[in-house]
Amino acid sequence: MKILSTLLFAMLVITSCGNKPNAEKLSGEFHIISLDQNSELPENLTITFDAEAKKISGFSGCNNFFGSFTVTDGVLQFGQMGSTRKMCAGDANKIETEILQMLSKVNTFSFENDTLNLKADDAILLKAKK
C-alpha cells in the first residue's frame, strides 16, 4: 500500500508539472510571422512580453500597442490594451486591426521549436518567432 501511495503521488506531481506553458518562456521580443493563417505580413511586426512586469508591447503595422497580461495554469489573459493613435491607410490599418482583434481572442499559447503560437483554445491565431 505504501508503494502504491508513493507511485500515485509521483504520478500526480509529474502530471501537474505537465506541459502547461509558463510566463517566463514568453519573455522577449517575437516577430509576428503569421496571422490567422496569413503569412503575407510585413517583417516589422513585433510582440514583446516582459514576464517579470507582466507587460506586453509591440508594433502592429502602424502603431505601437501596450498592455498587461497574466498566465495562470496555462491560461493567457490580456488586460486592457492601448495603442498610439497614428493614422494609417491601406494594408497597415487592416493588419493592425487584425492583430489587435486576434489578441483579444487569445486564451492560451504554446511553443513549437522557437515559434510562439497564440491560440484561442486549440486554434492558432498568431505565430511569432524570437
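For residues that are surrounded by fewer than 19 Cβ atoms within 10 Å (Cβ to Cβ) and either touching a residue at least 40 places away in the same chain (Cβ under 8 Å) or within 16 Å of Gly28 (Cβ to Cβ) (or both), tally how many sit in segment 50-65.
7
So in segment 96-106, with the set limited to residues that are assigned to a helix (DSSP H, G or I) and in contact with a Leu (Cβ under 7 Å, 6 or more places away or on another chain), which one is surrounded by the most Cβ atoms within 10 Å (Cβ to Cβ)?
Ranking the candidates gives Ile99 first.
Any residue in segment 85-106 that's polar (S, T, N, Q): show its pairings with residues that are surrounded by 18 or more Cβ atoms within 10 Å (Cβ to Cβ) at Cβ separation under 7 Å, as long as the two are six or more apart or on different chains.
Asn93/Cys62
Taking into account only those residues within segment 71-84 that are touching a residue at least 24 places away in the same chain (Cβ under 8 Å) and part of a strand (DSSP E or B), which is nearest to Asn22 (Cα to Cα)?
Among them, the one singled out is Val71.
If a residue must be exposed (fewer than 13 other Cβ atoms within 10 Å of the Cβ) and either free of Cβ contacts under 8 Å to residues at least 12 places away in the same chain or of a type in the set (Val, Ile, Thr) (or both), how many such residues does segment 107-130 contain?
Residues in segment 107-130 being exposed (fewer than 13 other Cβ atoms within 10 Å of the Cβ) and either free of Cβ contacts under 8 Å to residues at least 12 places away in the same chain or of a type in the set (Val, Ile, Thr) (or both): 4 in total.
Counting only residues that are in contact with a strand residue (DSSP E or B) (Cβ under 6 Å, 6 or more places away or on another chain) and closer than 23 Å to Glu43 by Cβ, which one in segment 82-95 is surrounded by the most Cβ atoms within 10 Å (Cβ to Cβ)?
Filtering segment 82-95 for residues that are in contact with a strand residue (DSSP E or B) (Cβ under 6 Å, 6 or more places away or on another chain) and closer than 23 Å to Glu43 by Cβ, the one surrounded by the most Cβ atoms within 10 Å (Cβ to Cβ) comes out as Ser83.
Can you find, within segment 84-100, the residue that is farthest from Val71 (Cα to Cα) among those that are at pLDDT below 95 and polar (S, T, N, Q)?
Per the stated criteria, the residue is Asn93.
Consider Ile47 carefully, then state whether it is in contact (Cβ under 8 Å) with a residue 60 or more places away in the chain, part of a helix (DSSP H, G or I) and surrounded by 14 or more Cβ atoms within 10 Å (Cβ to Cβ).
The answer is no for Ile47.
The values are calculated or read from the model by the stated rules, or taken from the named source; none is laboratory data. Please read all numbers here as calculations on a predicted model, not as lab measurements. Reconstructed Cβ throughout: ideal geometry from the backbone, glycine too, with neighbour counts over all protein chains shown.
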